[in-house]
């Protein structure tokens with residue numbers, strides 16, 4: 001069903017994994033989609049796939065941790081289609097380990113993307129939507145920020161901070177017709193784990209007991225469901241885990 005055919009969506013971190021699946025699912029529901037990440041070749045491939053399926057998409061490369069690039073991303077999005085109504089704050093970095101064991105040299109870079117860049121995008125998009133009196137901001141958190149795990153403790157702290165910022169913003173803008181939703185996925189099978197430094201010893205053996213992992217499309221379906229709700233309905237927080245995942 002083309003339930004989103006009157007809306008344009010912006011999805012960050014769309015070159016792979018959850019972000020890519022979200023963009024595809026929103027487009028399948030009729031939304032025009034702007035996809036952003038640093039890898040332009042992957043974005044172009046995604047745009048081609050969406051257009052081949054009958055959708056409409058635009059690739060805009062940007063660093064999700066850079067405020068100036070985020071501002072330019074929004075400007076290009078609005079120039080392409082002023083009907084921007086959905087912003088999915090998905091771009092993020094992972095990091096294996098807790099405060100004692102994680103790579104200290106990556107702390108600032110991770111917080112710059114996961115917290116500072118995400119908050120800037122939320123702020124800028126929120127200002128646009130408040131002026132219009134409507135809009136959806138969907139923030140991708142993590143169960144690692146819902147129940148902190150020592151195995152990904154510092155990464156979890158960034159997602160805890162992000163969820164707090166999203167909830168604070170929800171309270172700030174909900175009476176203006178703007179919805180802010182935090183989705184906290186459990187373990188999703190994607191390239192995220194390898195990039196974050198997880199391997200057989202510190203991840204694969206541990207999660208094997210949970211059974212099948214979530215797939216990016218599982219999270220994507222939730223996003224489309226949330227933004228398709230009537231204006232009076234706000235799903236403000238959603239935790240999604242693999243059935244067998246007991247913790248975190």
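Of note:
- Number of the condition not met by residue 135 [criteria: (1) farther than 23 Å from residue 247 by Cβ; (2) surrounded by fewer than 20 Cβ atoms within 10 Å (Cβ to Cβ)]: (2)
- Among the residues of this structure, residue 101 does not count as one that is assigned to a helix (DSSP H, G or I) and either without any contact (Cβ under 8 Å) to a residue 12 or more places away in the chain or in contact with a helix residue (DSSP H, G or I) (Cβ under 9 Å, 6 or more places away or on another chain) (or both).
- Counted residues, the stretch 57-82 - those being part of a loop (DSSP other than H, G, I, E, B) and farther than 18 Å from residue 22 by Cβ: 4
- Residue 56 more than 21 Å from residue 125 (Cβ to Cβ) and either at pLDDT below 95 or surrounded by fewer than 22 Cβ atoms within 10 Å (Cβ to Cβ) (or both): no
- Helices (runs of 4 or more DSSP H) (entirely within the stretch 142-248) containing at least 1 residues that are at pLDDT 95 or above: 153-173, 216-227
The values are calculated or read from the model by the stated rules, or taken from the named source; none is laboratory data. Worth saying up front: this structure is predicted, and the values here are computed from it rather than measured. Here the Cβ is made from the backbone with ideal geometry for all residues, glycine too, and neighbour counts use every protein chain on show.
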